[in-house]
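A.B. asks: First, the structure itself, so that you have it in front of you.
The values are calculated or read from the model by the stated rules, or taken from the named source; none is laboratory data. Since the structure is predicted, the reported quantities are computational estimates derived from the model, not experimental observations. As a convention, Cβ positions derive from the backbone with ideal geometry for all residues, glycine included, and neighbour counts pool all protein chains shown. Just the protein is used for accessible areas: all its heavy atoms, side chains included, with ligands, DNA and RNA removed. Shrake-Rupley method; radii C 1.70, N 1.55, O 1.52, S 1.80 Å.
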Amino acid sequence: MKKNKFKTAVIKHLVFYLAMMFLGPLFAQVNFTEFYGKVVDKNSNKPLEAVSLSITNKNIGTVTNSEGDFVLKIPNEYLNAQLSINLLGYNPYVIELSNLPKTDAVIELVQVVTQLSEVSISAYKDAKLLVEKVFKNKIKNVEDRTINMTAFYRETIKRRNRNVSLTEAVVNILKQPYDVPVRDAISLNKARKSTDYKRLDTLSMKLQGGPFSAIYMDIMKYPDFIFDENFSNYKFTFNEPSTINDKKVYVVRFEPINNALNIIYKGKLFIDVETLALVSADYALDLRNKRRTKNLLVRKKPRDIIVYPIVAEYKVNYKLNGDKWYYGYSNLFLKFKVNKKRSLFNKVYTLSSEMAVTDWEVANSENRFKMRDRLRPTVIIADAISGFSDPEFWGQYNLIEPEKSIETAIEKIQKSIERERERQDKTK
């Protein structure tokens with residue numbers, strides 16, 4: 001009986017990817033209603049991943065998982081509000097919460113074919129000039145104040161197809177103005193981690209991840225992580241336009257002109273037609289040159305190990321608040337092949353991580369966290385295995401529904417840890 005209750009609680013309350021949280025005061029009495037459902041393509045019925053669901057004019061929302069599923073907790077005082085559903089390339093969908101089924105809701109989105117007017121097309125015939133203007137005039141579109149953000153972070157490490165490490169954390173971000181060179185700071189609010197050290201030797205090798213890897217994907221804040229000052233090392237071309245949140249966007253593809261750079265990226269920038277604000281970006285590392293990329297993106301490793309990255313993909317989204325855009329979401333996917341001297345077999349690891357901003361306010365002297373509370377960029381979030389056995393660990397926070405392939409991952413990891421402990425006890 002206890003086992004069944006635990007499994008049900010894990011499936012219902014734990015999870016795997018991203019989420020928006022409510023403000024603490026709203027949940028002093030935990031007075032909310034839960035909604036469960038799926039978002040699909042209307043024509044193909046294909047589940048849609050990373051769809052944004054948010055309450056209109058409120059910092060309450062979530063995103064769908066890779067199977068299109070979502071779970072959303074709404075304070076009862078907002079049950080008469082509207083729910084807005086948005087995804088790049090699809091028409092936005094708005095529904096009254098009072099008309100949304102609480103369980104097994106199915107939301108269908110329709111793809112949109114975007115055509116820009118001749119004026120919009122002729123305004124920027126040179127894609128590079130458009131990108132230069134986006135970054136040169138960015139202060140008109142992005143927040144120019146220091147912002148105190150709350151974000152939810154989740155990270156998964158697999159060895160081949162087996163989950164070996166699961167990490168979740170609520171973090172506070174001190175987001176510095178976009179026109180100053182000061183880097184953002186992060187402090188840890190609450191976290192838990194479960195790791196099978198038998199399958200992942202984290203003591204000898206650390207894969208690059210953590211909340212700082214997510215925040216540094218903010219291209220508008222850290223353009224020098226990808227581009228040079230004059231964008232001279234990249235070629236920019238127009239792709240077919242698209243839409244996001246019912247706004248038309250230019251789609252600009254970038255790729256390196258030559259192989260002069262040690263680290264080469266290529267991808268797409270999605271730029272709002274009216275304001276020329278960057279609203280989203282998808283990009284990846286070019287990893288074809290193994291000589292240049294070996295041991296790249298690895299924080300720490302032994303001398304007898306060589307690590308070759310196979311895949312390194314990144315995504316960042318921005319949210320509009322009033323007339324200003326701010327960093328809202330990012331994810332990365334890294335895949336490594338590990339070669340060890342005198343070993344016949346290679347090991348393949350993957351790291352997936354996502355972070356979503358769930359709330360923010362203008363920072364002042366009272367709500368800025370202190371220097372001693374700030375995390376180092378090289379931080380490894382400490383273990384807190386017991387958190388995964390507590391279905392109420394996150395309490396009021398909105399979480400993304402677990403993917404079916406992930407639902408039992410936590411149980412498997414914990415069972416493996418328990419078996420290892422039993423063997424050690426017997427040996428002793």
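The rows are residues; the columns are (1) modelled with pLDDT under 80; (2) outside any loop (DSSP other than H, G, I, E, B); (3) surrounded by fewer than 17 Cβ atoms within 10 Å (Cβ to Cβ); (4) touching a Cys at 6+ places or on another chain (Cβ under 6 Å).
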| residue | (1), (2), (3), (4) |
| --- | --- |
| N163 | yes, yes, no, no |
| N172 | no, yes, no, no |
| D179 | no, no, yes, no |
| V182 | no, no, yes, no |
| Y197 | yes, no, yes, no |
| L200 | yes, no, no, no |
| A214 | no, yes, no, no |
| E229 | yes, no, yes, no |
| S232 | no, no, yes, no |
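A.B. asks: So, in segment 360-372, how many residues would count as being open to solvent by less than 80 Å² (accessible area, probe 1.4 Å) and more than 10 Å from A185 (Cα to Cα)?
C.D. replies: 5
A.B. asks: If you take the residues of segment 34-86 that are of a type in the set (A, V, I, L, M) and open to solvent by 30 Å² or more (accessible area, probe 1.4 Å), which of them is farthest from N321 (Cα to Cα)?
C.D. replies: L79
A.B. asks: Identify all residues within segment 47-73 that are of a type in the set (A, V, I, L, M), out of contact with any Gly (no Cβ under 8 Å at 6 or more places or on another chain) and within 24 Å of N148 (Cβ to Cβ); write none if there are none.
C.D. replies: Residues satisfying the conditions are I60, V63.
A.B. asks: Taking the stated definitions as given, is K73 assigned to a loop (DSSP other than H, G, I, E, B), farther than 20 Å from V251 by Cβ and under 22 Å from the mean Cα position of the chain (by Cα)?
C.D. replies: No: the conditions fail for K73.
A.B. asks: Taking the criterion of being in a strand (DSSP E or B) and modelled with pLDDT under 80, would at least one residue in segment 274-287 satisfy it?
C.D. replies: Looking through segment 274-287, none of the residues is in a strand (DSSP E or B) and modelled with pLDDT under 80.
A.B. asks: Return the only residue of K315, K319 being open to solvent by 20 Å² or more (accessible area, probe 1.4 Å), touching an Asp or Glu at 6+ places or on another chain (Cβ under 8 Å) and within 30 Å of T62 (Cβ to Cβ).
C.D. replies: K315
A.B. asks: Can I ask one more? Return yes when I305 is more than 27 Å from M220 (Cβ to Cβ) and either among the polar types (S, T, N, Q) or surrounded by 15 or more Cβ atoms within 10 Å (Cβ to Cβ) (or both) and no when it is not.
C.D. replies: Numbers: more than 27 Å from M220 (Cβ to Cβ): yes; either among the polar types (S, T, N, Q) or surrounded by 15 or more Cβ atoms within 10 Å (Cβ to Cβ) (or both): yes.
It is true that I305 is more than 27 Å from M220 (Cβ to Cβ) and either among the polar types (S, T, N, Q) or surrounded by 15 or more Cβ atoms within 10 Å (Cβ to Cβ) (or both).
A.B. asks: Checking the structure you have, find out if any residue of segment 311-320 is closer than 30 Å to D246 by Cα, of a type in the set (S, T, N, Q) and modelled with pLDDT of 85 or more.
C.D. replies: yes
A.B. asks: Check whether at least one residue in segment 373-390 is modelled with pLDDT of 65 or more, among the β-branched types (V, I, T) and surrounded by 13 or more Cβ atoms within 10 Å (Cβ to Cβ), and report yes or no. Write out each step before concluding.
C.D. replies: Of all residues in segment 373-390, those modelled with pLDDT of 65 or more come to 373-379.
Okay, now just the ones that are also among the β-branched types (V, I, T), so 378-379.
Those still in the list that are surrounded by 13 or more Cβ atoms within 10 Å (Cβ to Cβ) too: 379.
Yes, some residue in segment 373-390 is modelled with pLDDT of 65 or more, among the β-branched types (V, I, T) and surrounded by 13 or more Cβ atoms within 10 Å (Cβ to Cβ).
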